[in-house]
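Q: For reference, the structure I am asking about is given below.
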Amino acid sequence: KQEVTQIPAALSVPEGENLVLNCSFTDSAIYNLQWFRQDPGKGLTSLLLIQSSQREQTSGRLNASLDKSSGRSTLYIAASQPGDSATYLCAVYQGAQKLVFGQGTRLTINP
Amino acid sequence: DAGVIQSPRHEVTEMGQEVTLRCKPISGHNSLFWYRQTMMRGLELLIYFNNNVPIDDSGMPEDRFSAKMPNASFSTLKIQPSEPRDSAVYFCASSLGGVGLTKTQYFGPGTRLLVL
């Protein structure tokens, strides 16, 4: 059974810092991997989708990497801002459409 | 586009009552997903549909749960009878994906269910 682990569970940093969120998965036979953001009381917003043949994806200040062989992904956030405060969820695709989520990292950016 | 629409946004009911959650996917999307989020178990896929047909319901916890998609613009998740352990946030999502095709899933705002 696929298990997705995110470390740390919570992270608090001052504004302007660069930071890395980690995700690991037990079964490397994944289709794709996706990072989401969840604000309190809201639904999920997709940040980056990495196809299994890719090693990284970038969007603005966000960069996500994928190493299938080691079962790891990282989300790099550059020049963090208070508006980045949210819970970040890593999810792997078991097949083309079935997502398995990690428990998330709760990120707080302090002004 | 209005995005994925879920109703009600909040539901409080008593144990044993029937609960029906509703979802309207984004127009043109052909895949629909139902998820449940709890503190203990995180976010879990319950069931998903392609072109209104249920593809995988292995995440449905037990026979008390049922889901239908009578047409491309509407789906329901029903719990009968409800139990306190069903208390959670239920999310609906939709995408343009299909068999062998991954596309971004767009999530609704969720329905917060409390069973007393």
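The values are calculated or read from the model by the stated rules, or taken from the named source; none is laboratory data. Quick caveat, the model's predicted, so the values are computed rather than measured. Ideal geometry is used to build each Cβ from the backbone, glycine not excepted, and the neighbour counts take in all protein chains shown. Each accessible area value is taken on the protein alone, full model and side chains, heavy atoms only, with ligands, DNA and RNA left out. Shrake-Rupley method; radii C 1.70, N 1.55, O 1.52, S 1.80 Å.
Q: Among A:ASP84, A:ASP27, which is the only one that is over 19 Å from B:LYS103 (Cα atoms) and open to solvent by less than 50 Å² (accessible area, probe 1.4 Å)?
A: Step by step, each of A:ASP84, A:ASP27 is checked, and only A:ASP84 is over 19 Å from B:LYS103 (Cα atoms) and open to solvent by less than 50 Å² (accessible area, probe 1.4 Å).
Q: Here's something else I'd like to know. Name every residue in segment A:48-68 that is within 14 Å of another protein chain (Cβ to nearest Cβ) and open to solvent by 40 Å² or more (accessible area, probe 1.4 Å), in order of residue number.
A: A:GLN51, A:SER52, A:SER53, A:GLN54, A:GLN57, A:SER59
Q: So B:THR104 fits all but one of (1) crowded, with 22+ Cβ neighbours inside 10 Å; (2) among the polar types (S, T, N, Q); (3) within 14 Å of another protein chain (Cβ to nearest Cβ); what number is the exception?
A: (1)
Q: On to the next question. Looking at B:ARG112, is it within 14 Å of chain A (Cβ to nearest Cβ) and open to solvent by 10 Å² or more (accessible area, probe 1.4 Å)?
A: When the stated conditions are applied, B:ARG112 passes them.
Q: Would you confirm whether or not segment B:90-97 contains a residue that is in contact with a strand residue (DSSP E or B) (Cβ under 8 Å, 6 or more places away or on another chain), of a type outside the set (D, E, K, R), open to solvent by 10 Å² or more (accessible area, probe 1.4 Å) and within 14 Å of another protein chain (Cβ to nearest Cβ)?
A: Checked segment B:90-97: at least one residue is in contact with a strand residue (DSSP E or B) (Cβ under 8 Å, 6 or more places away or on another chain), of a type outside the set (D, E, K, R), open to solvent by 10 Å² or more (accessible area, probe 1.4 Å) and within 14 Å of another protein chain (Cβ to nearest Cβ).
Q: Can you tell which of B:LYS68, B:LYS78 is closer than 21 Å to A:GLN97 by Cα, under 15 Å from the mean Cα position of the chain (by Cα) and open to solvent by 50 Å² or more (accessible area, probe 1.4 Å)?
A: Numbers: B:LYS78 fails: closer than 21 Å to A:GLN97 by Cα.
Criteria check complete, one pass: B:LYS68.
Q: Looking at (1) touching a Lys or Arg at 6+ places or on another chain (Cβ under 9 Å); (2) touching a residue at least 60 places away in the same chain (Cβ under 8 Å), which one does B:PRO84 not meet, given that it meets all the others?
A: Only one criterion is unmet by B:PRO84, namely (1).
Q: Separate question: Within segment B:1-27, which residues are in a loop (DSSP other than H, G, I, E, B) and open to solvent by 60 Å² or more (accessible area, probe 1.4 Å)?
A: Hits for segment B:1-27 are B:ASP1, B:ALA2, B:ARG9, B:GLU14, B:MET15, B:GLN17, B:GLU18, B:SER27.
Q: If B:PHE49 satisfies every condition in (1) within 12 Å of chain A (Cβ to nearest Cβ); (2) surrounded by fewer than 20 Cβ atoms within 10 Å (Cβ to Cβ) but one, which is the exception?
A: (2)
Q: Of the residues that sit in segment A:87-107 and are among the aromatic types (Phe, Trp, Tyr) and open to solvent by less than 10 Å² (accessible area, probe 1.4 Å), which one is nearest to A:GLN6 (Cα to Cα)?
A: Taking the candidates together, the pick is A:TYR88.
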